[in-house]
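Colleague: Quick one: the structure is below, questions incoming.
The values are calculated or read from the model by the stated rules, or taken from the named source; none is laboratory data. On a predicted model such as this, the values are computed, not experimentally measured, just so you know. Reconstructed Cβ throughout: ideal geometry from the backbone, glycine too, with neighbour counts over all protein chains shown.
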Amino acid sequence: MTLPAGTHLQAVPGQWTVLSLIQWSTAYLEEKGFEEARLHTELLLGHVLGLDRLKLYLQFDRPLTPEELASFKELFKRRLAHEPLQYILGETEFMGIRLAVAPGALIPRPETELLVEKAVEHIRMLNREGVTVLDVGTGSGNIALAIARMVPACTVTSIDVSKEALSIARRNQERLRLQNVILEERDVREGARTGESYDVIVSNPPYVSSEDFKNLQPELRDHEPRLALTDDANGLSFYPLLFGLSAAVLQADGRLFCEIGYGQAEAVSRIASTEGIQVLDIVSDLAGIPRVLCGAVSS
Ligand SMILES: C[S@@+](CC[C@H](N)C(=O)[O-])C[C@H]1O[C@@H](n2cnc3c(N)ncnc32)[C@H](O)[C@@H]1O
């Protein structure tokens, strides 16, 4: 097997050990400008050997078999081609839950945990059974499944236009054995359905503008689904659809929680008020960036 030109995994004489492979691969990734080179190398090697990082540290002198080395090389080449680590490992963690991830769905981001925290705080405050939640653009199902797991007495309807995303969400639902999540292929553009009504609506919209999309890291731009990242416009075009749907199906005392992109708070708030949604709060993340809009149907 050949790595890209200039990559010589045979550079260390004798047999590769866990430590020598970690050191060589870390240095190689660093030289190519990759961040968190050591962490990524350890996670890739740990994945191949079926060991967590602590166990890897306890086996530094372990020699690698040719099969183990070949498997590692495959994964290492994918990372060198800027494939996100989470897609290579096939999973990530969100709200303390291990979720399957694959190229058909966005990799859940830590900043989205704030949205889940706010929504769950509100649902728990309602202090009643049978709360209904709608998740618009569910992707891997991270938001919906986290809420459904934290508040078992609620029901979450999760919609997404992407079949690929829904199949990953379904895999996660089965893995977590959550019965209180309904996954539906549906376009937000279809608008409200007759008789539909929810206590809570959550959404993490595709809010990257087409301009910003061009400048994203290759990990995102070339590997994550374009549909999940950008609206191919100014980054704001999903919001009128989300707010319009929310104004139609949110109960009078219901709440909407949606994520907003960097620098979008004012523009998104303006859109909300023209679409019948009153902004109650905008919550900033730990970095002080306005991140979650909380709204209700305008009275
Ligand atoms: C930013 S991703 C969010 C995914 C996931 N909820 C998360 O937080 O990681 C946006 C999601 O919206 C979905 N989406 C894009 N356009 C849509 C539309 N018109 N109707 C429904 N879903 C849409 C995408 O497929 C994608 O899964």
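Colleague: Among the residues of region 172-205, write down those that are basic (Lys, Arg) and in a strand (DSSP E or B).
Modeller: none
Colleague: Can you pull out every residue in region 118-158 that is of a type in the set (Asp, Glu) and either crowded, with 17+ Cβ neighbours inside 10 Å or within 8 Å of the ligand (Cβ to nearest atom) (or both)?
Modeller: Asp135
Colleague: Just to be sure I understand, how many residues within region 271-299 are away from the ligand (no atom under 16 Å from the Cβ), surrounded by 23 or more Cβ atoms within 10 Å (Cβ to Cβ) and under 17 Å from Tyr207 (Cα atoms)?
Modeller: Total meeting the criteria: 1.
Colleague: Right, next: Scan region 246-270 for residues that are closer than 26 Å to Thr194 by Cβ and away from the ligand (no atom under 16 Å from the Cβ) and report the count.
Modeller: Selection size over region 246-270: 7.
Colleague: Looking only at region 106-148, which residues are of a type in the set (S, T, N, Q), within 10 Å of the chain's Cα centre (by Cα) and not in a loop (DSSP other than H, G, I, E, B)?
Modeller: Matches in region 106-148: Thr112, Asn142.
Colleague: For Ala153, indicate whether it is of a type in the set (Gly, Ala, Ser), assigned to a helix (DSSP H, G or I) and assigned by TED's automatic domain parsing to the domain that holds Glu219.
Modeller: So Ala153 does not fit the description; no.
Colleague: Still on this structure, I have one more. Please enumerate the residues belonging to region 154-172 that are within 19 Å of Leu242 (Cα to Cα), free of Cβ contacts under 8 Å to residues at least 60 places away in the same chain and β-branched (Val, Ile, Thr).
Modeller: Val156, Thr157, Ile159
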